[in-house]
Amino acid sequence: MRALLQIAGLLLTADRWAMARGAALSVTVLAMGAALLGLSGWFITATGIAGLAGLGIAFDVFRPSAGVRFLTLGRTAARYGERLLTHDATLRARSSGFSWHWRWPKRCCPCGAASPILVAWWGPQIASPRA
């Protein structure tokens, strides 16, 4: 667990603003998804009720469908931006901590062996660190 916390700390300290912007876009994605679910549900229900009541000709389908398209495209754009920012921050953290991963296994294990978490994170080259 300590290894995961240290990796998370490295990610958060490498580029704090990129991770914060990615988290803000992640919240935006969730909000747009919830709004899209509500608007779509209302639109389908209102269309069904208008059709049953015989008011289908007077029901405006263009504004709710424009809202659905706006929310769908906005959610897609926010998700793309969130992935772009968080991947950039992760790669910056990995490049800034490249020398860190050679020193850390010796502090982690008395025998100097790498933990499986670090091998998964940094790759197989950490399994046999150079002196």
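Scanning the stretch 15-30 for residues being of a type in the set (K, R) and either under 13 Å from R79 (Cβ atoms) or not in a helix (DSSP H, G or I) (or both) gives a total of 0. Restricting attention to the stretch 6-44, the residues that are surrounded by 16 or more Cβ atoms within 10 Å (Cβ to Cβ) and aromatic (F, W, Y) total 1. Residues that are hydroxyl-bearing (S, T, Y) and either loosely packed, with under 14 Cβ neighbours inside 10 Å or not in a helix (DSSP H, G or I) (or both) within the stretch 66-77 comprise just one, T76.
Go through the stretch 57-69 and give me each residue that's touching a Ser or Thr at 6+ places or on another chain (Cβ under 8 Å) and over 15 Å from L36 (Cα atoms). Walk me through how you get there before you give the answer.
Step one: of the stretch 57-69, the residues touching a Ser or Thr at 6+ places or on another chain (Cβ under 8 Å) are 59, 61, 68.
Of everything in the stretch 57-69, those that are touching a Ser or Thr at 6+ places or on another chain (Cβ under 8 Å) and over 15 Å from L36 (Cα atoms) turn out to be F59, V61.
Between G33, G51, the distinction of being out of contact with any Gly (no Cβ under 7 Å at 6 or more places or on another chain), at pLDDT below 90 and in a helix (DSSP H, G or I) belongs to G51 only.
The values are calculated or read from the model by the stated rules, or taken from the named source; none is laboratory data. Computed from a prediction, not measured in an experiment: that's the story for all the values here. Ideal geometry is used to build each Cβ from the backbone, glycine not excepted, and the neighbour counts take in all protein chains shown.
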